[in-house]
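A short worksheet on the structure shown next.
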Amino acid sequence: MSEKKVRKAIFPVGGLGTRFLPATKSMPKEMLPVVDKPLIHYAFEEAKEAGIEQFIFVTGRNKHAIEDHFDHSYELQSTLRKKDKKKELELTSDWLPEAGNVIFTRQQEPMGLGHAVWCARHLIGDEPFAVILADDMVLSKKGCLKQMTEAHAHTPGNILAVMDIPLEKTASYGIVDIDKNAKNKDQRLVKAKGLVEKPQPKDAPSTLSIIGRYILQPDIFSILDSTKPGAGGEIQLTDAISAMIGDKDVYGYRFDGVRYDCGSLVGFVAANVAYALEREETRDRVKQELDEVFKRAKL
Ligand code: UTP
């Protein structure tokens with residue numbers, strides 16, 4: 001089992017984002033802002049905090065705005081410079097990764113998350129890597145991926161961020177079949193003896209669901225080579241990880257934090273409220289406005 005540091009992260013951003021139409025007709029879902037930052041920017045910051053050095057985006061058509069976001073914006077920057085708007089200028093570029101450390105490849109067709117990850121195989125090579133789904137946000141003191149890379153440092157293997165969900169919702173998630181006999185060094189880790197993609201509640205082996213943060217070993221690519229389409233006719237990452245169990249260790253990691261499903265309308269709205277309330281400069285005014293909104297709606 002490789003004990004190498006996790007240096008590379010894949011950001012699969014090739015999905016269609018149909019739940020956000022018409023907003024996503026010409027704009028990538030991952031560029032939707034939560035308060036004042038696009039979803040993909042939060043994902044990038046979380047990866048950076050976890051020590052990621054290379055940021056690999058698996059994109060599709062209509063995703064140019066993501067590439068532009070990770071590049072200089074010369075006209076805007078020169079106008080801001082002329083107007084001496086230092087703070088705004090910093091917001092456009094101070095955080096940009098060094099040239100060459102942001103890599104884009106196209107998925108060509110949205111054939112599923114497993115396929116999107118497979119598209120980055122030549123860019124990863126033979127080392128463990130992270131996968132971050134920008135539309136899953138985790139509000140936490142220490143970033144979710146950093147928590148996971150720390151767990152990976154003492155327990156190398158495949159590590160998937162997991163959380164408990166209500167039993168009636170299992171058909172929307174990948175669910176972990178927990179190996180109850182396994183002893184884990186870290187209380188937050190659970191060993192998986194299987195994974196089931198979107199089981200009906202009566203078939204679900206547990207209520208522990210996988211969210212959009214993964215640390216994977218490069219062995220996954222040879223499995224993805226021959227993974228057939230599964231649930232929804234898509235090549236599922238969960239199916240490929242599940243096929244590794246037995247040969248490779250797969251763990252769920254019960255992260256510390258609150259997850260917002262920004263791929264859904266309700267989760268996205270909730271994230272905007274939660275992140276605005278989290279920030280000192282907006283907290284009081286947003287709370288006041290929300291109180292007014294609730295009063296008007298008689299809630
Ligand atoms: P979703 O299941 O949320 O699909 O993908 P979607 O297409 O983005 O959104 P809806 O369901 O049509 O509204 C989860 C993540 O996997 C990526 C998406 O971009 C998203 O970050 N993905 C999904 C790909 O990169 N390629 C795919 O073929 C499918």
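The values are calculated or read from the model by the stated rules, or taken from the named source; none is laboratory data. Quantities reported herein were computed from a predicted structural model and do not represent experimental measurements. Methodologically, a virtual Cβ is constructed for each residue, glycine included, from the backbone with ideal geometry; neighbour enumeration extends over all protein chains shown.
Return the pairs, sorted by first residue and then second, in which the second residue is more than 14 Å from the ligand (Cβ to nearest atom), the first residue lies in region 98-122 and is free of Cβ contacts under 8 Å to residues at least 60 places away in the same chain, the beta carbons are less than 6 Å apart, and the residues are 6+ apart or on different chains.
Matching pairs, first to second residue: N101/Q54; V102/F55; V102/F70; I103/L123; F104/E67.
Is it the case that some residue within region 40-57 is of a type in the set (G, A, S), away from the ligand (no atom under 13 Å from the Cβ) and part of a loop (DSSP other than H, G, I, E, B)?
Scanning region 40-57, I find at least one residue that is of a type in the set (G, A, S), away from the ligand (no atom under 13 Å from the Cβ) and part of a loop (DSSP other than H, G, I, E, B), so the answer is yes.
Which of the numbered conditions does G263 fail, given that it passes all the others? Conditions: (1) within 16 Å of the ligand (Cβ to nearest atom); (2) more than 30 Å from D36 (Cα to Cα); (3) assigned to a loop (DSSP other than H, G, I, E, B).
For G263, the exception is condition (2).
Looking at (1) touching a Lys or Arg at 6+ places or on another chain (Cβ under 9 Å); (2) more than 14 Å from the ligand (Cβ to nearest atom), which is the only condition Q77 fails?
(1)
Could you tell me whether A204 is away from the ligand (no atom under 16 Å from the Cβ), among the hydrophobic types (A, V, I, L, M, F, W, C) and farther than 17 Å from R7 by Cβ?
Yes.
Any residue in region 89-103 that is within 16 Å of the ligand (Cβ to nearest atom) and either buried (at least 16 other Cβ atoms within 10 Å of the Cβ) or not in a loop (DSSP other than H, G, I, E, B) (or both)?
Within region 89-103 (the criterion being within 16 Å of the ligand (Cβ to nearest atom) and either buried (at least 16 other Cβ atoms within 10 Å of the Cβ) or not in a loop (DSSP other than H, G, I, E, B) (or both)), the answer is yes, since at least one residue qualifies.
Just wondering, is there one or more residues in region 11-19 that are without any contact (Cβ under 8 Å) to a residue 12 or more places away in the chain and more than 15 Å from the ligand (Cβ to nearest atom)?
No, because not a single residue in region 11-19 is without any contact (Cβ under 8 Å) to a residue 12 or more places away in the chain and more than 15 Å from the ligand (Cβ to nearest atom).
Anything in region 111-142 that is of a type in the set (A, V, I, L, M), over 21 Å from R7 (Cα atoms) and more than 9 Å from the ligand (Cβ to nearest atom)? List them, or say none. First the steps, then the outcome.
At the first step, the residues of region 111-142 found to be of a type in the set (A, V, I, L, M) are 111, 113, 116-117, 120, 123-124, 130-134, 137-139.
From what's left, over 21 Å from R7 (Cα atoms): 111, 139.
L139 - this is the single residue of region 111-142 that is of a type in the set (A, V, I, L, M), over 21 Å from R7 (Cα atoms) and more than 9 Å from the ligand (Cβ to nearest atom).
Return the only residue of D84, D68 being of a type outside the set (K, R) and assigned to a loop (DSSP other than H, G, I, E, B).
D84
Filter region 172-194 for residues that are of a type in the set (A, V, I, L, M) and surrounded by 15 or more Cβ atoms within 10 Å (Cβ to Cβ); which is farthest from T207 (Cα to Cα)?
L189
What number goes with the only condition from (1) within 14 Å of the ligand (Cβ to nearest atom); (2) modelled with pLDDT under 95; (3) of a type in the set (D, E, K, R) that K5 does not pass?
(1)
Can you work out which of the residues in region 195-224 that are in a loop (DSSP other than H, G, I, E, B) and in contact (Cβ under 8 Å) with a residue 40 or more places away in the chain is surrounded by the fewest Cβ atoms within 10 Å (Cβ to Cβ)?
Residue satisfying both the conditions and the ranking: P218.
Quick check: is even one residue across region 21-33 within 12 Å of the ligand (Cβ to nearest atom), of a type in the set (G, A, S), touching a Leu at 6+ places or on another chain (Cβ under 8 Å) and part of a loop (DSSP other than H, G, I, E, B)?
Yes: one or more hits.
Could you please tell me which pairs satisfy a Cβ distance under 6 Å, a separation of 6+ or placement on different chains, a first residue in region 158-178 that is among the hydroxyl-bearing types (S, T, Y), and a second residue that is in a helix (DSSP H, G or I) and surrounded by fewer than 18 Cβ atoms within 10 Å (Cβ to Cβ)?
Listed pairs, sorted by first residue: T170/P201.
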